[in-house]
Every structure is written in structure tokens, then in C-alpha cells.
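The structure under discussion appears below in the form of C-alpha cells.
The values are calculated or read from the model by the stated rules, or taken from the named source; none is laboratory data. None of the values given here were measured: they were computed from a predicted structure. Note that we place each Cβ from the backbone using ideal geometry, even for glycine, and neighbour counts take in every protein chain shown. These accessible areas exclude ligands, DNA and RNA; they are computed on the full protein's heavy atoms, side chains included. Shrake-Rupley method; radii C 1.70, N 1.55, O 1.52, S 1.80 Å.
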Amino acid sequence: MTAAIVGIGSALPERAVPNSHFAAIGSSDEWIVKRTGIRQRHFLPEDGHLADLALAASRTALAQAGRTAREVGHVVVATTTPDRTTPGLAVEVAARLGADRAAAFDLHAACAGFVYALDHAVALIESGRAGTVLVCGAEALTRITDHEDRSTAVLLGDGAGAVVVADVDAGPSVGPAFRLGSDGDLIPLLYADRYDRKLRMDGPEIFVQAVERMSEAARDVLARRELTTEDVDLFVAHQANARIVRAVGKELGVPPERLYLNVDRVANTSSASIPLALHQAWREGRLGPTGLLGVAAFGAGVTWGAGVIGWSLPDASPEHPEIPEHPELPEHPELPEHPEGP
């Protein structure tokens with residue numbers, strides 16, 4: 001038996017924002033598409049709750065996996081933009097799911113957060129400390145966006161994605177492997193401080209660092225498992241920018257047909273980007289019943305990581321109909337004092 005992804009879910013805010021929205025700050029659709037590949041993104045309302053998106057994505061993932069909330073041993077939510085300063089999203093998601101036996105905590109590793117959380121889930125299962133782990137990436141980046149800064153405002157969107165990781169006895173024979181890294185000396189390249197509370201980025205240097213670090217980590221993981229990119233059925237890098245994703249794919253020699261991109265539809269959703277892409281890939285029939293997934297991410301900190309992990313999923317067939325992108329969200333409980341966020 002080995003740890004694998006057995007369920008995927010996602011949720012996006014209803015409001016889709018086209019590139020024309022940014023004409024007021026001097027950006028055109030042509031400029032944005034050429035530089036980033038992004039055509040639209042989704043915005044959570046100012047009075048919206050990120051926990052609602054995280055919960056909807058998590059419920060979909062559990063339903064696809066055929067697992068109940070009471071089977072979940074740990075709920076890990078990767079996020080930099082929770083609804084409250086404390087407690088985090090995970091405890092609310094666990095409670096509203098009915099995962100009353102689960103430990104729950106938030107993980108903050110910026111855009112690399114989902115890969116960090118996935119590594120943690122695998123470690124829990126391989127150590128025997130959990131049999132089923134729910135991993136969710138959820139972000140409301142519009143909360144920390146400078147909407148007058150055209151170099152960053154056009155890049156960011158909101159959303160949530162989740163996966164269920166569990167012991168399986170059928171799937172790829174290759175066990176999961178991850179490599180994570182960080183370099184605090186590079187904090188000035190991408191950060192939001194406690195006073196300004198807006199993301200600031202050195203775009204050109206971030207591009208160089210992201211391609212180099214993700215490629216290096218992915219090569220290391222493949223070498224440790226004695227794999228090549230030919231052994232990986234689908235490769236999903238953090239959807240920060242289409243040019244970055246394609247550059248990483250080129251560095252690794254991943255054929256275009258096995259390099260997944262959905263940044264055009266959702267923009268950069270930080271820790272939510274990989275699970276959002278995975279769920280979209282499943283809906284498009286890009287994920288068969290079993291396969292080997294490659295992931296890589298890079299974010300503020302700077303943090304980065306890469307990994308390989310198998311999946312065991314139902315077919316996206318009439319028996320498993322396409323899940324709507326905007327599922328009806330459950331009613332959010334009353335929040336004390338600070339509904340607008342941290």
C-alpha cells in the first residue's frame with residue numbers, strides 16, 4: 001500500500017473578472033495575455049468568506065474519494081489569506097465538514113503551500129499516523145493586492161482546491177517523493193509587510209528564481225525515484241504565469257501534452273493553483289483512473305518544492321458527471337467582529 005491522491009475538488013467565486021477590468025490602470029488584454037497568459041480571474045466579494053470556498057472544494061474531494069469526514073485524520077489548509085488572524089481556516093473547515101476526529105491546522109508557505117502540505121500528508125500516511133488526510137489550498141489574494149499596481153494586480157485571483165490523500169493498494173508502483181526548500185535571504189523579492197499589507201514583487205528576478213528552483217527540485221525528485229519525465233503522466237506547476245510554467249516544462253523536457261495550464265482561466269491563486277488545475281484536468285479527462293503526477297511550486301519566502309505522487313480516481317464519465325465550477329456554497333456561520341478577514 002502507498003499514499004496516493006484519491007479525490008479532488010475545487011471551488012471558484014462566482015465573479016469572473018476579464019482583463020478589460022484593468023484598463024483603468026493602463027493594462028490591456030493584449031499586454032496581459034502576452035506577458036502572463038492570463039485572460040480572466042475570479043474575485044471573492046469583500047464580504048465573502050474564504051472558508052466557504054475551502055469547504056465546498058473539500059466536500060467535492062471527499063465525495064469523489066468515497067470517504068466520509070469522520071474517516072479524515074488530519075485537515076491541512078495551505079493559505080496566506082485566512083478569514084481571521086486566528087484561528088485558521090482548517091479548524092472551521094473540519095468542524096463544518098463533520099470531521100470531529102481530525103487534527104486541523106493551517107500551513108503558510110505562500111504559493112508553495114500546497115506542495116508543502118501534500119508532503120506532510122504523505123508523511124503522516126507513510127508513518128502510520130493517519131489513513132486519510134484532507135489537503136486544501138485556499139486563497140483570497142485580492143485581500144492583499146494593490147489594485148493600482150498593474151505589475152501585480154493583473155496576476156492574482158481567488159479560489160480553493162482540495163485533494164484527499166489516502167492509503168491505496170492499486171495505482172502506480174512508484175511511491176511518493178518530495179523535495180522542499182527555502183531561502184529567507186530572498187524575502188525582498190516577494191513579500192507583504194504588516195503595515196502596507198499589499199504584495200510587492202521584483203518580477204524579473206522572481207521569474208529567474210522560480211524557473212531555476214522548481215526545475216532543480218523536480219530533477220532531484222525524479223532522480224531519487226529513478227524516473228524520467230517520460231514516466232510522469234501529468235506535470236502541474238504552480239500556475240503563476242504561463243511563461244514560467246512553460247519555461248519549467250522546457251527545462252525538464254516535459255512534452256506540451258503532459259504539461260497542464262489553466263492560468264488563463266483563474267490567474268495566480270497561490271496555494272490553490274495546483275489543486276484547482278488538477279480538478280480542471282480531471283474534468284477534461286486528462287487524468288485516467290491511475291497515473292503518476294508531478295508537481296512543483298515556488299512562492300514568497302522564498303519557498304519552493306516539487307514532488308511525484310500517484311493518483312487513483314474515478315473516470316470523468318457520465319457516471320461521474322462534471323462538477324460545476326461554482327457549487328452552491330453552504331451558509332457561513334456568524335463570525336465574531338471581523339468578517340472582512342484578518
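Across bins of 5 angstrom width beginning at 0, how are the C-alpha pair distances of region 107-231 distributed, in whole percent?
Going from the shortest bin to the longest, the percentages are 2, 8, 15, 17, 19, 15, 11, 8, 4, 1, 0.
Tabulate in residue order the Karplus-calculated ³J(HN,Hα) for region 71-76, using 6.51 cos²θ - 1.76 cosθ + 1.60 with θ = phi - 60°, rounded to whole Hz; enter x for Gly and Pro.
Per residue, the Karplus-derived 3J(HN,Hα) values read 7, 7, x, 9, 10, 10 Hz.
Could you give the length gained on full extension between Val208 and Asp100, defined as 0.36 nm per residue of separation minus the Cα-Cα distance, in nm? Don't skip to the answer; put the middle values down first.
Numbers: separation 108, 0.36 × 108 = 38.88 nm, distance 4.39 nm.
Full extension from Val208 to Asp100 adds 34.5 nm.
Nearest 20 debye, what's the magnitude of the dipole of region 156-245 about its Cα centre given +1 on Lys and Arg Cβ and -1 on Asp and Glu Cβ? Could the numbers behind the result be given before it?
Working: 10 positive and 16 negative charges, 67 e Å.
For region 156-245, the charge dipole is close to 320 debye.
Hey, in the GNM for the chain with a 10 angstrom Cα cutoff, which one of Glu139, Glu71, Glu46 fluctuates hardest?
Highest fluctuation of the listed residues: Glu46.
Any chance you could list the semi-axes, whole Å, largest first, of the equivalent ellipsoid that the Cα gyration tensor gives for the chain, using √(5λ)? Don't skip to the end; give the middle numbers.
On the way: eigenvalues 149, 119, 71 Å².
Ellipsoid half-lengths, sorted descending, are 27, 24, 19 Å.
Quick one: check the C-alpha center-to-center distance for region 57-95 versus region 244-284, whole angstrom.
23
Have a look at Ala306, Ala95, Ala281 and tell me which one the Gaussian network model of the chain (Cα, springs below 10 Å) gives the largest fluctuation.
Ala95
Which one of Phe43, Pro172, Ala54 is farthest out on the positive end of the charge dipole of the chain, using unit charges on Cβ (Lys, Arg +1; Asp, Glu -1) and the Cα centre as origin?
Of the options given, the answer is Pro172.
Restricting attention to region 184-272, which GluC sites (Glu not before Pro) occupy a DSSP loop and are surrounded by at most 11 other Cβ atoms within 10 Å? Display every interim value, and only then the final one.
On the way: sites: Glu205, Glu212, Glu216, Glu226, Glu230, Glu251, Glu257; in loops: Glu226.
Sites meeting the loop and neighbour criteria: Glu226.
Under the rule of -39500 (n - 2.57) per DSSP H run of 4 or more residues, summed and divided by the residues of the chain, what mean residue ellipticity at 222 nm is obtained, to the nearest 500 deg cm²/dmol? Provide the component values of the computation, followed by the final result.
Numbers: 9 runs with 99 residues, N = 342.
Estimated from H runs of four or more residues: -9000 deg cm²/dmol.
If you place +1 on the Cβ of every Lys and Arg and -1 on the Cβ of every Asp and Glu, how big does the dipole about the Cα centre of the chain come out, in debye to the nearest 20? Provide the component values of the computation, followed by the final result.
Details: 30 positive and 46 negative charges, 98 e Å.
Dipole about the Cα centre, nearest 20: 480 debye.
If you keep only loop residues by DSSP, which trypsin sites (Lys or Arg not before Pro) in region 192-267 have at most 12 other Cβ atoms within 10 Å of their Cβ?
For trypsin sites (Lys or Arg not before Pro) across region 192-267 that sit outside H, G, I, E and B with at most 12 neighbouring Cβ atoms in 10 Å, the list reads Arg194, Arg197.
In 10 Å bins starting at 0, how do the alpha-carbon pair distances of region 95-152 split up by percent?
Histogramming region 95-152 at 10 Å steps yields 18, 40, 26, 12, 5 percent.
How much accessible surface does Trp311 have with a 1.4 Å probe, in Å² rounded to 10?
10
Compare Ser20, Ser312, Ser271 in a GNM of the chain, Cα atoms joined below 10 Å, and give the one with the largest fluctuation.
Sorting by GNM fluctuation, first place goes to Ser20.
How big is the antiparallel share of DSSP beta bridges in the chain, given as a percent to the nearest 5? Don't jump to the answer; show the numbers that get you there.
Numbers: 40 of 58 bridges.
Bridges in the chain that DSSP calls antiparallel: roughly 70 percent.
Specify whether the C-alpha gyration tensor of region 209-264 places it in the rounded, prolate or oblate class, a ≥ b ≥ c being the square roots of the eigenvalues: rounded for a/c under 1.5, otherwise prolate if a/b is larger than b/c and oblate if not.
Working: a/c = 2.26, a/b = 1.37, b/c = 1.65.
Because a/c hits 1.5 or more and a/b fails to exceed b/c, region 209-264 counts as oblate.
If Rh is defined by the Kirkwood formula over all Cα pairs and Rg also comes from Cα, what ratio Rg/Rh do you get for region 31-107? Intermediate values should be presented prior to the final figure.
Values: Rg = 15.3 Å, Rh = 14.0 Å.
Rounded to two decimals, Rg/Rh equals 1.09.
Over the chain, what relative contact order in percent results from Cα pairs under 8 Å that are six or more residues apart? Walk me through the numbers on the way to the answer.
Details: 854 pairs, mean separation 91.5, N = 342.
RCO, the chain: 27 percent.
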